[in-house]
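Report on the structure given below.
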Amino acid sequence: MLTNPLIELNSNENSLGMADSAKKAVIDALDIGFRYPDDQRAALITKVAKINDVTESQISLGSGSSENIRTVVQMLQNKALREGRNFQVIVPHPTFAYAELYATSINVPVVKVALMPESYSFDLQNMQKVADDFDGISLFYLCNPNNPTATITDTDELKAWVGTAPDHHYFLLDEAYSEYVTDPSFESGITWIREQRSDNIIVVRTFSKLCALAGMRVGYAVASPQMITELEAFISVDNTNLSGAVAAIATLDDEAFLALSLHTANQSRQLVEQTLDELGLRYLPSQASFIFHEIKGDVQTYIDRMCDHGIAVGREFAPITGFNRLTLGRADEMAVFVEVLKSFREKGWV
Ligand code: PLP
């Protein structure tokens, strides 16, 4: 077994590790590893469609949701080219970078709209204005809960916007962390797809977070059947491999593991929030498996010092200064983190 001396609270991985049921499913599948994964992919699509109460024709699997994000950008770029129209991607700033990354790689302009001061919520009005002022197709990438802030966007505002947007405004709702949301006002964009509130919504989900399968690379997109057909033109054929598919199915069936995974994040969040309260360090209301919190003093120095103490603690996200993103790990990992953070306070470092 590989050992890593660092406690890794920096990449929003789930340090519980894969469910035993998922490991067993992968081992059991080795005997058929020489076959293409059609049956396992089909079984996963059936399961994912059922869980989300949509049809199988509304699901596109990805090699992680990263691939789904890429296909949305490519599909709309292709549509714009076909129709002789301009295309832009609008993102809040900061947010998860992949929509911007994939757009930039194919020369699609990206407009970044700064988060609101203090609350660090999305500036929906300004984002909307950027699209209204643009002659062409706009794609809004909205990560809900957002990464790095771990906060959700007001459901009523988002729902009203999505429901009244014109046909050439598309919404890519990245719900990688939606399983962790405790705020009862949160509504998944999948509900709006089901209600056909707009044909221009694509929701992406991942098995990398709650299901602890980041290395197995499984994600999916949910959208209208027509949009899924258009997206599928840009996926790699057989993108979700056999191991990933069987591991995902086993984990979805493993209610005890999913409950433990959620419980672990909730417990760790509670401990970290309590400590931050004690130390008078501000944090945003976390609805995800990580927390965005204040650090008094230079954040890079804090990160380096944590690293010296065996803990990797994420990073600062420009243009926001004085805050660090911390992944919520296992209870034993968080206990060490809290002890070290408190010792930093005694030294006057945070
Ligand atoms: N979306 C968000 C908001 C993320 O934070 C991440 C990973 O950190 C991803 C997508 C990528 O997930 P995947 O592993 O499914 O590609």
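The values are calculated or read from the model by the stated rules, or taken from the named source; none is laboratory data. This structure is a prediction, so every number in the text was calculated from the model and none was measured. Here the Cβ is made from the backbone with ideal geometry for all residues, glycine too, and neighbour counts use every protein chain on show.
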request  = Could you run through the stretch 267-288 and say how many residues are exposed (fewer than 15 other Cβ atoms within 10 Å of the Cβ) and farther than 21 Å from Tyr120 by Cβ?
outcome  = 4
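How many residues, within the stretch 48-66, are closer than 21 Å to Asp174 by Cβ and either more than 16 Å from the ligand (Cβ to nearest atom) or among the polar types (S, T, N, Q) (or both)? Explain how you work it out, then say what you get.
Step one: of the stretch 48-66, the residues closer than 21 Å to Asp174 by Cβ are 48-49, 51-54, 58-66.
When the remaining residues are screened for being either more than 16 Å from the ligand (Cβ to nearest atom) or among the polar types (S, T, N, Q) (or both), the result is 49, 51-54, 58, 60, 63, 65-66.
Going through the stretch 48-66 one residue at a time, the tally reaches 10.
Going by what's in this entry, would Ile291 be described as assigned to a helix (DSSP H, G or I), crowded, with 17+ Cβ neighbours inside 10 Å and modelled with pLDDT of 95 or more? Explain how you work it out, then say what you get.
Values: assigned to a helix (DSSP H, G or I): no; crowded, with 17+ Cβ neighbours inside 10 Å: yes; modelled with pLDDT of 95 or more: yes.
No: the conditions fail for Ile291.
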note = Filtering the stretch 297-322 down to residues that are in a strand (DSSP E or B) and within 19 Å of Glu346 (Cβ to Cβ) yields Ile311
message = If the requirement is being touching a residue at least 60 places away in the same chain (Cβ under 8 Å), crowded, with 19+ Cβ neighbours inside 10 Å and over 22 Å from the mean Cα position of the chain (by Cα), which of these qualifies: Val338, Val350, Val299, Val313?
response = Val350
query = Restricting attention to the stretch 132-151, which residues are more than 16 Å from the ligand (Cβ to nearest atom) and either in contact (Cβ under 8 Å) with a residue 12 or more places away in the chain or in a strand (DSSP E or B) (or both)?
reply = Phe134, Asp135, Gly136, Ile137, Ser138
query = Among Pro117, Pro94, Pro109, which is the only one that is within 18 Å of the chain's Cα centre (by Cα) and either modelled with pLDDT of 95 or more or more than 16 Å from the ligand (Cβ to nearest atom) (or both)?
reply = Pro94
remark   = Sole miss for Ile69 among (1) more than 16 Å from the ligand (Cβ to nearest atom); (2) in contact with a helix residue (DSSP H, G or I) (Cβ under 6 Å, 6 or more places away or on another chain); (3) of a type in the set (A, V, I, L, M, F, W, C); (4) under 24 Å from Ser289 (Cα atoms) is condition (1)
key: Verdict on Lys50 being over 20 Å from the mean Cα position of the chain (by Cα), closer than 16 Å to Asp253 by Cα and without any contact (Cβ under 8 Å) to a residue 12 or more places away in the chain   = yes
request  = Would you confirm whether any residue within the stretch 13-36 is away from the ligand (no atom under 16 Å from the Cβ), within 22 Å of the chain's Cα centre (by Cα) and exposed (fewer than 13 other Cβ atoms within 10 Å of the Cβ)?
outcome  = no
message = On the basis of being more than 16 Å from the ligand (Cβ to nearest atom) and at pLDDT 95 or above, does Ala80 make the cut?
response = yes
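If the requirement is being aliphatic (A, V, I, L, M) and closer than 24 Å to Arg315 by Cβ, which of these qualifies: Val48, Val54, Val72, Val89? Show your work before the answer.
Numbers: Val48 fails: closer than 24 Å to Arg315 by Cβ; Val54 fails: closer than 24 Å to Arg315 by Cβ; Val72 fails: closer than 24 Å to Arg315 by Cβ.
Matching residue, one of Val48, Val54, Val72, Val89: Val89.
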task = Just give me the residues in the stretch 8-25 being polar (S, T, N, Q), touching a Phe, Trp or Tyr at 6+ places or on another chain (Cβ under 7 Å) and not in a helix (DSSP H, G or I), in sequence order.
result = Asn12
task = Give me the pairs, please: first residue somewhere in the stretch 266-280 and touching a residue at least 60 places away in the same chain (Cβ under 8 Å), second residue anywhere and outside any helix (DSSP H, G or I), beta-carbon distance under 6 Å, and either six or more positions apart or on two chains.
result = Ser268/Leu328; Val272/Ile291
request  = List every residue pair whose Cβ atoms lie under 9 Å apart, where the two residues are 6 or more positions apart in sequence or sit on different chains, the first residue falls within the stretch 17-39 and is within 30 Å of Ile7 (Cβ to Cβ), and the second residue, located anywhere, is among the basic types (Lys, Arg) and part of a helix (DSSP H, G or I).
outcome  = Gly17/Lys23
